[in-house]
Amino acid sequence: MKTNLNQNQTPMMMNQARVVSTGTTDNGTIQYDEVDETKRWFNRRFCFLSVIGLAVLLLAMVVIVIIVLLLTQLRAANANAVNVMSSSKTQMEELTRKLTQPLEQLGPTLEKLSNMPGIPGGFFPSTPQPSPGVPPISPIVTGPNTTPEPPRRSPKARYEWKGCQNVGKCELSGYNKPPLVILSLDGFAREYVDRNIVQTLNHIAECGVKADKVYPSFPSKTFPNHYSIVTGLWPESHGITDNSVFDPTISPVLESMKSTKYDKFFEGEPIWSVYKRKTGKKANCLFWVGCAYNNSGYPPDIAPAYNQELPFRNRIDMVVDWLKLPVDERPGLITAYLHEPDNAGHYQVADEDVDEKLAEIDDNLDYLMSRLSEEKLLECINFAILSDHGMQLIDKTYYFQDYLDLKGLITAKGVVGRFYINSTDISVNDVADKVRCKIESVKANTRADNPTRKHYSRDARVGEILLEGRAGITFYKSKEDDYELSGDHGYDYFNPKMHTIFFARGPSFKQNMTISPYQNVQYMNLWMNLLGIEGAVETNGTIGFFDNILTNPPRRENPTNVIGECPMIAFPSALNCSGNVEPQILNQLSAKLTSCAFSPSNIPLYSDKHCFQNYCENTVVVSRNGNNDKRRAIIEILSRDEASTPSNFTFVNAKYQNSCPDSVSPNSLTILKNSQLSSMADALLSLPNNFILKVMDPLQAKSIEYLNKYEKMYVISGTASDADHDGVADFNGSIITHIYRIFLICKSNWLSMNPPLCTDSDAMQTLSFIFPITEQSTIDCMSSDGVLLDYTATIFDVERIAGFQFGLGALTQNQNTILRRRISTELW
């Protein structure tokens with residue numbers, strides 16, 4: 001049936017009719033509304049494609065904009081780079097011009113600069129050249145050509161050698177006795193370690209030992225200290241008292257130690273000589289001070305002529321090649337020297353100048369350790385890295401000619417200015433009076449009043465008058481002689497910037513140990529111990545100081561010759577020597593002397609040449625030489641709250657002597673002057689008024705201050721004779737030249753006062769002084785604390801000038817050694 005639609009049908013009906021019309025009719029024919037359906041299909045597709053096309057167009061426009069922007073920025077960056085390169089080129093040309101202009105003017109002064117410290121090519125002598133008419137002394141200089149060659153390799157990775165798992169486990173045969181390698185970094189200050197640039201040193205310390213700090217010998221100059229390191233002697237004892245030395249018995253002029261031809265300047269016996277003489281084995285030297293001079297008959301087997309241009313890595317390769325030699329050719333000792341960072345320190349403008357050199361040093365040390373590791377040598381050798389001094393920036397210069405007439409004088413420049421008198425018409429006092437207390441912040445010492453702790457008085461080579469200023473001051477003869485260094489060294493070891501370093505590792509060293517501070521004269525005993533020749537020569541160090549860092553230290557004992565009691569000639573009683581005293585008081589004093597007469601007295605002093613007299617809480621130590629020996633030591637055991645009775649008399653114990661001293665003076669060595677037992681006539685001595693004012697009164701005030709602060713103290717005060725200024729007690733003690741005092745306190749509790757012992761052995765603190773007795777000296781223009789600090793000393797210094805040895809039986813030999821050699825750099 002056919003469906004017909006009329007005009008009166010509604011839209012819904014029409015839609016329904018369409019739907020029906022697309023269905024199946026009675027005759028089976030399918031009919032479509034083709035026009036409407038096609039239109040609808042195209043409309044839908046067109047709208048969809050339009051949207052897609054518009055989106056694509058917008059996206060393309062965005063991409064085009066981004067590309068345009070990128071191209072614009074790249075073009076701007078390229079223009080900036082061209083401008084920067086052009087500006088850099090202009091700046092480099094200007095810098096080159098500025099550098100070239102002054103360098104072209106240096107020709108006339110090159111000869112003068114050749115003698116400056118740290119200048120390339122002018123540090124050490126090559127083969128010394130004789131002066132006309134003087135026969136040369138030819139040092140033995142042998143070895144390979146040191147023409148610079150490219151280094152063989154660089155480390156594959158930084159510090160690839162580090163680690164402690166194999167320390168001391170040598171895999172090579174023929175190294176049963178580890179060779180000793182000593183490497184010096186000239187001018188490497190202790191403070192440089194704290195910059196944390198030279199990481200190689202930290203890795204060495206992890207598997208070995210390091211020093212908290214090391215004090216150089218005075219003066220802190222290159223030649224004196226390098227020679228002290230290999231002889232164990234202070235400069236006053238080995239003769240190299242500075243980089244330049246005057247000795248008219250050798251040469252009529254001031255001689256530079258970097259170019260002198262005279263081996264007589266080099267006294268003492270260096271470690272390479274001792275090693276060869278005692279063992280017959282080989283020792284090689286690479287540029288160390290003194291290697292070019294044969295002063296003992298046993299020069300190094302190989303000692304190349306100094307060549308500062310030889311790269312550090314070539315030097316390292318040379319050392320490693322020596323260690324790889326067959327056992328019969330291999331040196332058992334190698335001393336090697338590197339001239340940095342000293343040169344950088346002398347000419348630094350900012351810290352960064354030194355930091356750059358420190359980074360280079362770290363690279364080279366890393367290279368050294370890597371090569372040793374690759375060759376399997378690292379665990380087969382004992383290896384030490386150290387330095388000779390630090391560096392101080394200069395901010396003030398004084399010229400000798402501005403203060404005195406230099407006729408008849410030979411002057412030596414530096415931060416320690418020195419005057420040698422080369423005329424019989426001039427006295428020491430004539431020169432000293434013209435500079436003493438005349439220059440701001442400058443001390444003027446003579447050999448007679450120079451502090452004992454500096455050990456710079458024994459040899460006339462030190463000079464008759466020494467000028468020493470605060471840190472930053474230096475001295476030249478005149479403005480024309482001024483090198484205008486930005487940094488220099490030579491100052492007192494009190495200056496922290498002069499402190500040096502020590503790092504070591506090897507089969508003979510413990511791991512991860514830190515050594516208490518010490519002075520570099522201690523090294524020689526360590527070298528001899530490591531080489532199996534301990535005690536072969538005497539040194540200014542103390543055997544056993546380094547025992548606590550060694551894997552197999554020898555067994556040592558404390559001395560046994562404790563000072564004994566003086567012979568008894570009568571029963572104890574008080575014999576009046578001066579002042580008015582009632583018999584009752586003397587009787588009471590005699591009774592007290594009797595009651596303590598046989599009580600044990602455990603004094604911490606050792607000597608066969610002394611004996612002690614018992615005065616109960618006090619003790620008098622005298623020489624066994626006889627009555628003509630005026631030297632005395634007074635021991636006081638002090639307590640802050642101790643009651644005392646004023647006394648206006650003096651006495652002696654008749655148990656030991658039946659007469660009083662020849663003369664009685666009001667000046668006493670005792671601290672508690674109001675105690676009857678402190679009125680011992682042997683504690684009195686005559687002193688110059690100025691010395692009492694400038695030294696004894698401040699010392700007494702400081703002693704009372706310490707007693708009030710620490711409550712208990714053990715004090716040794718005494719007199720000494722050292723007329724020749726060598727720091728050692730004279731045989732004849734009839735003339736008193738020095739006063740000394742030693743304080744002992746406990747930072748913990750006291751275990752005993754007789755002998756002095758603390759509950760914690762490490763808690764005992766010491767502070768010592770040695771004062772030369774003078775009527776006039778540089779102390780006249782110093783503060784009281786300045787005087788006391790300058791004349792501090794070690795217990796060892798006191799031992800030498802007093803003639804006895806200090807020691808506590810309850811401590812080990814190593815503990816006693818560290819206590820005796822402890823250096824005080826500040827007052828309590």
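The values are calculated or read from the model by the stated rules, or taken from the named source; none is laboratory data. Quantities reported herein were computed from a predicted structural model and do not represent experimental measurements. Cβ placement follows ideal geometry from the backbone for every residue including glycine, while neighbour counts extend to all protein chains displayed.
Just so you know, in the stretch 172-218 the residues that are in contact with a Lys or Arg (Cβ under 6 Å, 6 or more places away or on another chain) and assigned to a helix (DSSP H, G or I) include one that is surrounded by the most Cβ atoms within 10 Å (Cβ to Cβ), and it is ILE204. Among strands (runs of 3 or more DSSP E) entirely within the stretch 571-630, having at least 3 residues that are β-branched (Val, Ile, Thr) singles out 618-623.
Checked across the stretch 619-632, the condition of being over 19 Å from ASN658 (Cα atoms), free of Cβ contacts under 8 Å to residues at least 40 places away in the same chain, surrounded by fewer than 21 Cβ atoms within 10 Å (Cβ to Cβ) and not basic (Lys, Arg) holds for no residue.
May I ask you to say which residue of ASN166, ASN145 is farther than 21 Å from ALA359 by Cα and either at pLDDT 50 or above or under 27 Å from the mean Cα position of the chain (by Cα) (or both)?
Just one listed residue meets the conditions, ASN166.
All conditions but one from (1) at pLDDT 95 or above; (2) among the aliphatic types (A, V, I, L, M); (3) within 28 Å of the chain's Cα centre (by Cα) apply to ILE779; the one that does not is (1).
So for the stretch 634-645 (the condition being at pLDDT 95 or above and closer than 24 Å to PHE731 by Cα), does at least one residue qualify? Scanning the stretch 634-645, I find at least one residue that is at pLDDT 95 or above and closer than 24 Å to PHE731 by Cα, so the answer is yes. Could you check, for the stretch 561-577, whether at least one of its residues is within 40 Å of the chain's Cα centre (by Cα) and surrounded by 16 or more Cβ atoms within 10 Å (Cβ to Cβ)? The answer is yes, given that some residue of the stretch 561-577 is within 40 Å of the chain's Cα centre (by Cα) and surrounded by 16 or more Cβ atoms within 10 Å (Cβ to Cβ). Of all the residues in the stretch 277-294, those that are surrounded by 20 or more Cβ atoms within 10 Å (Cβ to Cβ) and either aromatic (Phe, Trp, Tyr) or farther than 17 Å from ALA336 by Cα (or both) number 3. The residues on offer are TYR403, TYR347, TYR420, TYR399, and the sole one that is among the hydroxyl-bearing types (Ser, Thr, Tyr), in contact with a helix residue (DSSP H, G or I) (Cβ under 9 Å, 6 or more places away or on another chain) and assigned by TED's automatic domain parsing to the domain that holds LEU530 is TYR347.
For GLY297, the criteria (1) surrounded by fewer than 18 Cβ atoms within 10 Å (Cβ to Cβ); (2) on the phi < 0 side of the Ramachandran plot hold in every case but one, which is (2).
Among the residues of this structure, ILE770 does not count as one that is surrounded by fewer than 21 Cβ atoms within 10 Å (Cβ to Cβ) and of a type in the set (A, V, I, L, M). Evaluate the stretch 388-409: report whether one residue or more is touching a Phe, Trp or Tyr at 6+ places or on another chain (Cβ under 7 Å), within 29 Å of ILE501 (Cβ to Cβ) and among the aliphatic types (A, V, I, L, M). No, there is no match, as no residue in the stretch 388-409 is touching a Phe, Trp or Tyr at 6+ places or on another chain (Cβ under 7 Å), within 29 Å of ILE501 (Cβ to Cβ) and among the aliphatic types (A, V, I, L, M). Taking the conditions exactly as written (touching a Pro at 6+ places or on another chain (Cβ under 6 Å) and not in a helix (DSSP H, G or I)), does SER259 satisfy them or not? Against the criterion (touching a Pro at 6+ places or on another chain (Cβ under 6 Å) and not in a helix (DSSP H, G or I)), SER259 qualifies.
Suppose the filter is in contact with a helix residue (DSSP H, G or I) (Cβ under 9 Å, 6 or more places away or on another chain), of a type outside the set (A, V, I, L, M, F, W, C) and in the same structural domain as LYS210 (by TED's automatic domain parsing); does ASN450 pass it? No, not satisfied. Taking the criterion of being within 27 Å of the chain's Cα centre (by Cα) and assigned to a loop (DSSP other than H, G, I, E, B), the residues of the stretch 262-292 that qualify are PHE266, GLU267, GLY268, GLU269, PRO270, PHE287, TRP288, VAL289, GLY290, CYS291, ALA292. Just one of the numbered conditions (1) in a helix (DSSP H, G or I); (2) touching a residue at least 60 places away in the same chain (Cβ under 8 Å) is not true of ASP242: (1).
Criterion applied to ILE439, ILE385, ILE394, ILE410 was being in contact with an Asp or Glu (Cβ under 8 Å, 6 or more places away or on another chain), in contact (Cβ under 8 Å) with a residue 24 or more places away in the chain and of a type in the set (Val, Ile, Thr), and the one residue passing it is ILE394. Restricting attention to the stretch 771-783, does a residue exist that is in contact with a helix residue (DSSP H, G or I) (Cβ under 6 Å, 6 or more places away or on another chain), outside the structural domain of GLN519 (by TED's automatic domain parsing) and more than 17 Å from THR452 (Cβ to Cβ)? Checked against the condition, which is being in contact with a helix residue (DSSP H, G or I) (Cβ under 6 Å, 6 or more places away or on another chain), outside the structural domain of GLN519 (by TED's automatic domain parsing) and more than 17 Å from THR452 (Cβ to Cβ), the stretch 771-783 yields at least one hit. Residues in the stretch 784-795 that are within 14 Å of LYS454 (Cβ to Cβ), part of a helix (DSSP H, G or I) and of a type outside the set (Asp, Glu): 1 in all. Under the condition of being among the aliphatic types (A, V, I, L, M) and over 19 Å from LEU358 (Cα atoms), the residues counted in the stretch 183-210 number 1. Considering only the stretch 487-524, how many residues are basic (Lys, Arg) and under 13 Å from the mean Cα position of the chain (by Cα)? Result for the stretch 487-524: 1.
One residue stands out in the stretch 580-592 among those that are out of contact with any strand residue (DSSP E or B) (no Cβ under 6 Å at 6 or more places or on another chain) and touching a residue at least 24 places away in the same chain (Cβ under 8 Å): the one that is farthest from ASN614 (Cα to Cα), namely ASN580. Within the stretch 452-510, the set of residues being under 30 Å from VAL181 (Cβ atoms) and of a type in the set (A, V, I, L, M, F, W, C) comprises MET498, ILE501, PHE502, PHE503, ALA504, PHE509.
For GLY541, are the conditions met, namely being buried (at least 21 other Cβ atoms within 10 Å of the Cβ) and either assigned to a loop (DSSP other than H, G, I, E, B) or in the same structural domain as GLY208 (by TED's automatic domain parsing) (or both)? Yes; evaluated as a whole, the condition is true for this residue.
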